[in-house]
Structure formats: structure tokens, C-alpha cells
Amino acid sequence: MSNVPRFWRNLKRRYNLIGTKCLNCNELYFPPRQLCPKCRRASKIEDVQLKGRGEVLTYTIIHSAPKRFEGQTPYIMAIIQLEEGPKLTAQIVDCDPTEIDIGMKVEMVFRRIQEDGDAGLIYYGYKFRPIAN
Amino acid sequence: MKVAIIGVGLTRFGELWETSFSHLFVEAGANALRDAGVDGKDVEAIFVGNMSAGRFVDQEHISCLIADQAGLNPIPATRIEAACASGGHALRQGIMSILSGFHDLVVVGGVEKMTDVMTESTTQTLATAADQEWEAFLGMTFPGLYAMMARRHMYEFGTTREQLALVSVKNHRNAIHNPYAQYHVEITVDDVLNSPIIADPLRLLDCSPITDGAACVVLASERKAREYTDSPIYITGSGQATSTLSLHSRKQIPVVDSTINAAKEAYKRAGKSPKDIQVAEVHDAFTIGEIMAIENLGFFNIGEGGKATEEGETEIGGKIPVNTSGGLKAKGHPVGATGVAQAVEIVLQLRGDAKGRQVDADIGLTHNVGGSGGTAVVHIYEKG
């Protein structure tokens, strides 16, 4: 990423899972949208806090990763449908790659995502982990 | 609609370390003009598909570069970018320039030079076809996106790991008869299943390679085409559509709705339906991509692409031969060139010039996808 403003402007989204809501149709969005695709110019967008709980819709186990993620391989990436409806992509942690499955219930955790080398920025944000039964 | 293709040209696809970016384009363009019997002075404009010369060869403003190197200044040249679908989009822009009456004869090309940088850099550039903020930043890779589609396809429809492998096996077999292809080696299902895991469940031999190459076609209006040939191939349908950039934002994960929408438009414009198509080049950047394509284009029901592949329906001699060129998997995938190279293959097939891989067809189709399905473009071709 290597660009401070680009990361900074999404801090609250990445740290606290704050999405957006269209007050005109009540649809929720994460990642956030500034315009509701259903209502377009009639959109009335405001921030909304998401609970950070959801279910795995599909997943992959990454073996061949970009340099910044090489130390983590093999790691699990998934599409998660949040309880409130929106779907997002996130890494699944605290889970053995043989245990992950479609339908697994997961919750958000705050973790380190990547960093700009030894002396650069460290980027934090959301990952998800299985909810203990 | 009716626009003629009166000439086609390719470069060899592969790791072409001795050949530069502009050299690739000029070679394919000269081949296409020679094939058409058209002199350079009769070319009115150039449209070129290219994904990322800026990152791959550190050169933007490539429309100017290629017109210059082709000796075609001062004609207008325009670059079109839509990730891996750049070539297909350039073709559509060329078609529109003819149908609008603006031009009578243009060259449409696609070019990508991917091996001037290290593999790490190439894969990072390819990942820019995905959502940088909400997919790639979090550790998602481009093969990872297709792996998630494959996983969900297997979950919903019972598609098997072997069925995915069979796409690759078929396309490698077809490429043996394509002299321009990157690979001329047959592989087995076991080879695929034992190749290194890239993003589970996809393995190395499920993925298209990194390729240098270029492809060009000469487009002409119906009237202009008659000056050069009695038997042009006509493009009779064109469709283009978008979807969300991120895979996670789509209604369904194992269905590429941009393909469905682009195909709907192309079939409507051509007055054809999926059952009329006799040969197709589809976007098999990953094996699951071909299985979804043959479903979303309407050749088979959703969920039955794996079974159809296993039953040989997409082989040469099958119900609908798919990727007779070897596809992106075995012919190679120089991303910006791919959409135009697909058109070249269908023209060769309809003209009867496809030699060892020839099928009996009068109507063909090409299907080119950008990213994980954020963009798709479909064209339909008929014998004149």
C-alpha cells in the first residue's frame, strides 16, 4: 500500500468494521459505499457499526502469496457473510487449514495485516476467527 | 450488425526475452495486414488493448508508441484497458468505430509484455485487476479469488477436482496443433492433481501462464471489405457488461453475471442463441473459469459445466468445441492480447485454416473476462 493517506482515510472501517447504511432503503454496505446502487441519487448514506459476526460462504488456502504475506503461508482467505447481510473478504486466523469449512461461524478480531518493510508503516485491521462452540 | 474481419495476425506466444513490447505489436500487425492484403496507408486508425504496460515495461502512452513504431503516424491510435479483457474491449471499440461510420478500415490489436519484470512483480500487477482496498490489501491473491469460486462451485453443484483438471488436459491437447501456442506438451489429470498448490483447491496446472505476445485483426465495413475479399468473416454480435469489482459483493459466487449479461446482448444483436454456436474461445485463465463460462454463455445449464467437460462435450469433435487454440491455459495469456487472439482463432476456424485442430463450424463465439468477473465481453462471428 505504501501510502499513508490512503490507509489513514479507511482507519475506522478497517479497525472497527464501520460500514454504511442507506437511510432511504435501509440497505447496509461493507465495504462502505458513498452511493447506494439501489437508490443512487436518492441515497442517504450514514455510517453504521457492524457487529463483526458472520458465516463463511467460501474460502481458499493461499500457498503462493505476495512477498508481504509469504511468512504466513499457508493461510486461509474467505468470503464472509455478516449477520447484518453484507459480505466481505478477510483472512481467517486461529483455525487450522484442515478445519475451515463453508458454513463455519466466525467473529472479527483486530490483527496486524501487513507492513512496509522493517522500518515502514504497520497496517492493522480486521481478520476473523472461528466462534468457539 | 455486421463488421468484417479481413485479416488476422499473431506473434508466437511465450517467454520472448529477445522481443520488445513494441516489436510484438508491430509483428502481429504486419502479419494481419499481410493476411488481409491491405497496405499500411489504407489503415485509418488503431485500437490497442493493453492491461498494464506502465507496470510491466514502465511505459505509458503506448498508443503513440505503436503507431510510431508501425510507421503509421499520423493516424489516431487509442489504448483500451479492462484488465484481462482489454483485448476484447479494444475489439468492441474498433467495431463501434466502423458501425458509426467514422472509419471504414481499422487495425485492432492487443499486446502484453509480461516477462521483463520478475514473477513477483507480474503477479502483483495481475492482482490489480482485483479490488486493491478490500481484497488484495488483506492478503487475497488473484488465483485465490478463482479458488473461492471453484470451492463454492464444488459445494453447490458437486463439481469435482478431476473435472477442473480435465479442462487443462483438453486445452493442452488442443495447443499441440497450434504453432503459436506457448506450450506443446500433453498433460494428464494426475499431472494437474500433483502440481504445486497455488490457492487451494487450484494448483499450478489449473492456472494460465505468464506470457508475452500480441494479436491483431483488420476490421472493415461490409462495403470496404469487398475490395479485399469475397469471403470475409463477419462479427454479427457484440456484448459487454460490468459487475462489482470485488467478488464478495456479487449476489452469487460461482456464477459470473457479467458474462451472462454480455452474452445476452451479443446473442440479441446477432439474432442467435447458445445452441447456434459451433466453436468457442472462452476465458480459461483458471480451469474453473472455463467451467463457469460454458454455463454462463448458455451452452450448458448452471452447475453442469464440470459434467459436460468430463463427458467430452467441449472437446474437438464434441457438442461444442471450446478453446481449440489451447485456450489461455496452454496457448498462453498475454493479458491485453488475449481477447484479440481469441478472435484470431475463431476467424481461422471459420475460414478452415485451423489445420490440425480444425472443426466444422460456420458460427463461433469469443468470451473475454476482466478480473474475477468485474467485466466481460462476448463476440459472435459468422462466415460471410
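Throughout, read-outs are computed from the coordinates displayed, never taken from laboratory work. Predicted model, so just to flag it, every value in this text is computed and none were measured. With ideal geometry, Cβ positions are generated from the backbone for all residues, glycine too; neighbour counts draw on all protein chains shown.
Listed by chain and number, the lysines whose C-alpha is less than 17 Å from the C-alpha of B:Lys275, apart from same-chain residues fewer than 8 away, are B:Lys264, B:Lys319, B:Lys383.
If you only keep lysine pairs separated by 8 or more in sequence, or across chains, how many in the range A:1-104 come under 25 Å at the Cα atoms? Eligible lysine pairs with Cα atoms under 25 Å apart amount to 13. Amide hydrogen proximity for B:Val48: with H placed 1.01 Å from N in the peptide plane, the residues at 5 or more positions away or on another chain lying under 5 Å are B:Thr78, B:Arg79, B:Ile80, B:Gly109. Annotation: the antiparallel percentage among DSSP beta bridges lying fully within chain B is about 75. Its Cα centre serving as origin, the range B:280-384 has a Cβ charge dipole (Lys and Arg +1, Asp and Glu -1) of approximately 320 debye. Taking Cα atoms only, the orientation of helix B:335-351 departs from the longest principal axis of chain B by about 70 degrees. Its Cα gyration tensor gives chain B an equivalent ellipsoid. The semi-axes, each the square root of 5 times an eigenvalue, are 30, 23, 19 Å from largest down. Taking Cα centre as origin and charging only the Cβ of basic (Lys, Arg, +1) and acidic (Asp, Glu, -1) residues, the dipole magnitude of the range A:52-133 rounds to 120 debye.
Computed from point charges on the beta carbon alone (+1 for Lys and Arg, -1 for Asp and Glu), the dipole magnitude for the protein assembly as shown about its Cα centre is near 1660 Debye. For chain B, the longest principal axis of the Cα atoms and the long axis of helix B:21-36 meet at an angle of about 60 degrees. More than 17 Å apart: what percent of Cα pairs in the range B:1-105 qualify? Taking all Cα-Cα pairs of the range B:1-105, the fraction more than 17 Å apart is 56 percent. In the range A:52-133, the alpha-carbon atoms span a convex hull of 94 Å³ per residue. Can you give the FRET efficiency for B:Asp360 and B:Val189, using 1/(1 + (r/R0)^6), R0 = 30 Å, r = Cβ-Cβ distance, to the nearest 0.05? Once the sixth-power term is evaluated, E becomes 0.60.
Put one equal scatterer on each alpha carbon of the range A:3-48, apply the Debye formula with no solvent term, and list log10 I(q)/I(0) at q = 0.17, 0.19, 0.21, 0.34 1/Å to two decimals. For the range A:3-48 at q = 0.17, 0.19, 0.21, 0.34 Å⁻¹, log10 I(q)/I(0) is -0.48, -0.57, -0.66, -1.14. Model label sites at B:Thr119 and B:Lys264, defined 7 Å from Cα along the beta-carbon direction, differ in position by 4.1 nm. If I take every Cα pair under 8 Å that is 6 or more residues apart in chain A, average their sequence separation and divide by the length, what percent do I get for the relative contact order? Rounded, it is 21 percent for chain A. With a Förster radius of 41 Å applied to the beta-carbon distance between A:Lys38 and B:Thr229, the computed FRET efficiency rounds to 0.25.
Summary value for chain B: 26 percent relative contact order, contacts being C-alpha pairs under 8 angstrom separated by 6+ residues.
Taking 2.2 N^0.38 Å as the expected size of a compact globular protein, what ratio does the Cα radius of gyration of the protein assembly as shown give against it, to two decimals? Normalised Rg, Cα atoms only: 0.97.
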